Amino acid sequence: MDHQLFAELYDAHAGTVYAHAVRMTADRTGADDIVSLTFLEAWRLRDTLDGVMHQRAWLLGIATNVIRNTRRTTRRHRDAMARLPRADAVPDVADAVVSRITDSARAAATLAALSRLRRADREVLLLHVWSGLSHEEVAQACGVPVGTVRSRLSRARARLRTLAAAHLTEPPAARSAPASRTAREGNL
């Protein structure tokens with residue numbers, strides 16, 4: 001069979017094969033693929049076309065087999081994929097980056113604010129929070145009563161929160177100016 005005769009076969013029956021594929025699959029996009037595969041298979045079998053009495057029935061038979069093969073392939077692929085272990089979700093690195101930037105900004109604000117606390121309050125805060133000493137242990141280390149440690153710790157925490165929040169809201173240019181010794185010691 002020559003190319004011209006096959007082109008005429010395509011022109012005469014492509015619409016019928018497409019309609020059959022849509023009815024069988026209920027998928028217009030997939031029906032285009034079925035038509036392509038059907039005529040590819042018909043081209044492969046073109047030498048047997050001379051003995052065919054009803055070309056439309058022959059093409060619809062090929063289309064039906066193509067649909068079956070496509071469904072079988074899809075089912076096998078789906079089953080094979082189901083047997084694979086599920087991949088863990090890949091975390092969005094943008095969230096981690098934003099979190100790190102935020103944490104870095106908070107840490108910088110805390111360190112800047114920490115340097116502005118009174119020396120005695122800063123010592124108590126560092127010993128208790130960062131070194132993990134109890135109130136009694138801090139009192140012993142500083143040589144002051146436990147009640148003094150509690151009051152200094154309370155005052156230091158409140159002042160640290162205020163200073164850190166102010167540091168986070170002020171523009172970066174204002175942060176670069178070093179605080180005076182009086183301001184660092186908290187003796188305003």
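When the accessible area of region 1-105 is computed with all protein chains present and a 1.4 Å probe, what percentage of it is carbon and sulfur? Intermediate results must be reported in sequence, preceding the final value.
Numbers: 4360 of 7900 Å².
For region 1-105, the apolar C and S fraction of the accessible surface comes to 55 percent.
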### Task
List the trypsin sites (Lys or Arg not before Pro) within region 22-94 that fall in a DSSP loop (any state other than H, G, I, E or B) and whose Cβ has at most 10 other Cβ atoms within 10 Å.
R86
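Which number comes out as Rg/Rh for region 31-154 once both Rg and the Kirkwood Rh are worked out on C-alpha atoms?
Details: Rg = 38.4 Å, Rh = 22.3 Å.
With Rh from the inverse mean 1/r over Cα pairs, Rg/Rh is 1.72.
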### Message
I'd like the Karplus ³J(HN,Hα) series for region 105-117: coefficients 6.51, -1.76, 1.60, θ = phi - 60°, whole numbers in Hz, and an x wherever there's a Gly or Pro.
### Response
5, 5, 5, 5, 5, 5, 5, 5, 5, 4, 5, 9, 7
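After finding the eigenvalues of the alpha carbon gyration tensor for region 97-145, what semi-axes result from the square roots of 5 times each, listed largest first in whole Å? Intermediate results must be reported in sequence, preceding the final value.
Numbers: eigenvalues 153, 32, 4 Å².
That gives 28, 13, 5 Å for the three semi-axes.
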### Query
So what are the ³J(HN,Hα) numbers for region 15-28, from phi and the Karplus equation (6.51, -1.76, 1.60; θ = phi - 60°), rounded to whole Hz, Gly and Pro as x?
x, 5, 5, 4, 4, 4, 5, 5, 5, 6, 10, 6, 9, 5
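Suppose every K and R has +1 on its Cβ and every D and E has -1 on its Cβ; what is the size of the dipole of region 77-162 about the Cα centre, in Debye to the nearest 20? Write down the numbers at each step before the final one.
Values: 15 positive and 9 negative charges, 92 e Å.
Here region 77-162 has a charge dipole of around 440 debye.
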### Query
Taking only protein heavy atoms and a 1.4 Å probe, what accessible area per residue, in Å², does region 2-101 have with all protein chains in place?
76
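The values are calculated or read from the model by the stated rules, or taken from the named source; none is laboratory data. Computed from a predicted model, the values in this text were never measured in an experiment. Please note: Cβ atoms are built from the backbone with ideal geometry, for glycine as well, and neighbour counts cover all protein chains shown. For the accessible areas, the whole protein counts, side chains as well, though only heavy atoms, and no ligand, DNA or RNA atoms are used. Shrake-Rupley method; radii C 1.70, N 1.55, O 1.52, S 1.80 Å.
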